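Colleague: Handing you this structure, nothing more for now.
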Amino acid sequence: RSMRFNELKRSIDGISQRMLTLTLRHMERDGLVARTVTPSVPPRVDYALTAVGRSLADPVQALGDWAFANQPLIAAA
């Protein structure tokens, strides 16, 4: 689903406003996120994953699972 900037910021613990802004810009540039501006006062800006962005869900989950399973080995290295 689409989310507003502050909604995203609240859901990502510890991220700064600057880092979230930069990340969203890069993801939009790469075609992973669509940014929609609704003219209002103040303007409403929503972000949503594109089809390409959604296609990354399984690979990212697999990487997270691998990292979690190998955490002791990674820490030991």
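The values are calculated or read from the model by the stated rules, or taken from the named source; none is laboratory data. Every value quoted in this text rests on a predicted model; they were computed, and no experiment measured them. Please note: Cβ atoms are built from the backbone with ideal geometry, for glycine as well, and neighbour counts cover all protein chains shown. Each accessible area value is taken on the protein alone, full model and side chains, heavy atoms only, with ligands, DNA and RNA left out. Shrake-Rupley method; radii C 1.70, N 1.55, O 1.52, S 1.80 Å.
Colleague: Figure the gain on full extension for LEU22 and ALA34 (residue separation times 0.36 nm, minus the Cα-Cα span) and round it to one decimal in nm. Don't skip to the answer; put the middle values down first.
Modeller: On the way: separation 12, 0.36 × 12 = 4.32 nm, distance 1.43 nm.
Separation in residues times 0.36 nm, less the Cα-Cα distance, equals 2.9 nm.
Colleague: Rounded to the nearest 0.05, what FRET efficiency do ALA69 and ARG44 give with R0 = 35 Å and r taken as the Cβ-Cβ distance? Could you check? Spell out each step's value before the answer.
Modeller: Details: r = 41 Å, r/R0 = 1.17.
So, using R0 = 35 Å, E works out to roughly 0.30.
Colleague: Another one. Within the accessible area of the stretch 29-75, what % is carbon and sulfur when the probe is 1.4 Å and the other protein chains stay in place? Walk me through the intermediate numbers first.
Modeller: Details: 2440 of 3660 Å².
C and S atoms contribute 67 percent here.
Colleague: Right, another one. Using only the alpha carbons, work out the radius of gyration and Dmax of the chain in angstrom.
Modeller: 15.7, 53
Colleague: Per residue, what accessible area does the chain have, given a 1.4 Å probe and all protein chains present, in Å²? Write out the running numbers ahead of the final one.
Modeller: Numbers: 6110 Å² over 77 residues.
That works out to 79 Å² per residue.
Colleague: Hey, another quick one. For a quick check of your reading of the filter: which trypsin sites (Lys or Arg not before Pro) in the stretch 1-75 sit in a DSSP loop and have no more than 10 other Cβ atoms within 10 Å?
Modeller: Working: sites: ARG1, ARG4, LYS9, ARG10, ARG18, ARG25, ARG29, ARG35, ARG44, ARG54; in loops: ARG1.
Of the trypsin sites (Lys or Arg not before Pro), the ones in loops of the stretch 1-75 whose Cβ has at most 10 other Cβ atoms within 10 Å are ARG1.
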